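The values are calculated or read from the model by the stated rules, or taken from the named source; none is laboratory data. Small disclaimer: the values here were computed from a predicted structure and weren't measured. Here Cβ is always computed from backbone atoms with ideal geometry, including for glycine, and neighbour counts include all displayed protein chains. Remember, those area values only see protein heavy atoms, side chains included, never the ligands or the DNA or RNA. Shrake-Rupley method; radii C 1.70, N 1.55, O 1.52, S 1.80 Å.
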Amino acid sequence: MFDIKFSDKIKDAAPGLRVLAIEADVFNPETSDSLWNEIEKEAVAIKNQFTTEMINKRSAISATRQAYKALGKEPNRYRPSAEALCRRVVNGKGLYRLTTLVDFINLLSMHTGHSIGGFDADKISGNTLILGSGEPGEEFHAIGRGLLNIENLPVYRDAIGGIGTPTSDEERTKLTTDTTRLLMLINVYDTSEDIESLKEFTLELLERHCHPTRVEYALIG
């Protein structure tokens, strides 16, 4: 399991932050019909429950946005990934069917409202990740988005540089069909969240759809 540390700036901006880290040995084939059916059901539930204006009021999303503001980032311009997913669903744009690990994480993120980093652990440099704040001009190639301005965004860095923010993860460590070791970081900015229930739900969903051969987890914060 990777050693994960918070910078002082993150501690000051989000003193209640907890991160549920899960590492698993997996395969990452195309998304099964059973997983996709569950995603579609979740999308319908979200569309029936929320309007576009209500999404950022969900406690997990609202807490993430508050952390952005505390760091000096405008969350309406750089939305947390969970908010962006839910807005897409409510606006009737639908979701892309990708791979098992990516779609599993998207399902979990939509259901919980937490922004979740999903990384190919074998592409991470070193054994330590530090969660800090993006610097001016720091290069970050967001998946499917190109260069992303991560100044004042929470950002996980390995020995090389940034690998993930709550808005988007980095191309360098992204999940592909060749991934066999998953690192998942669930960023819980919401201090009211029941972490034990979140952990049990996540592990059950992981087992049901991803069939891991090894799982380790840790709570940081």
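Below, the figures for the structure above:
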quantity	calculated
Cut-off 14 Å (backbone N to label point 7 Å along Cα→Cβ of Glu216), residues of segment 119-155	121-122, 126-129
Listed residues Ile186, Ile46, Ile105, most fluctuating in the chain (Gaussian network, C-alpha, under 10 Å)	Ile46
Sulfur and carbon atoms: percent of accessible area, the chain [1.4 Å]	48
Rounded, prolate or oblate (a/c below 1.5 giving rounded, otherwise prolate when a/b exceeds b/c) for segment 58-127 by Cα gyration tensor	oblate
Residue-span extension gain [Asp33 to Asp3] - 0.36 nm each, minus C-alpha spacing	7.3 nm
The chain, relative contact order [Cα under 8 Å, separation at least 6], %	37
Integer Hz, Karplus 6.51/-1.76/1.60 couplings in order for segment 138-143, x for Gly and Pro	5, 7, 8, 8, 6, 4
Of Lys9/Lys57; Lys9/Lys199; Lys73/Lys93; Lys57/Lys123; Lys47/Lys123; Lys174/Lys199, pairs whose Cα-Cα distance is over 32 Å	Lys57/Lys123; Lys47/Lys123
Solvent exposure of segment 1-141 as accessible area per residue, Å², 1.4 Å probe	46
Segment 1-41 and segment 129-144: distance between their alpha carbon centers, rounded to Å	17
Rg/Rh (Cα only; Kirkwood hydrodynamic radius) as it applies to segment 169-209	1.05
FRET efficiency for Ala159 and Arg97, using Cβ-Cβ distance with R0 set to 35 Å, rounded to 0.05	0.55
Pairwise FRET efficiency - Glu135 versus Glu207, Cβ, R0 = 41 Å, nearest 0.05	0.60
Built amide H within the under 5 Å cut-off of Val155, gap 5+	Gly132, Ser133, Gly134
For segment 78-221, Kirkwood radius (reciprocal of mean inverse C-alpha pair distance, Å)	15.9
Over the chain: helical MRE at 222 nm, DSSP H runs n ≥ 4 each giving -39500 (n - 2.57), nearest 500	-11000 deg cm²/dmol
Cα-centred dipole magnitude for segment 107-174, charges only on beta-carbon of K, R (+1) and D, E (-1), debye, nearest 20	160
Computed lengthening from Thr191 to Met54, 0.36 nm per intervening residue step minus Cα-Cα distance	47.3 nm
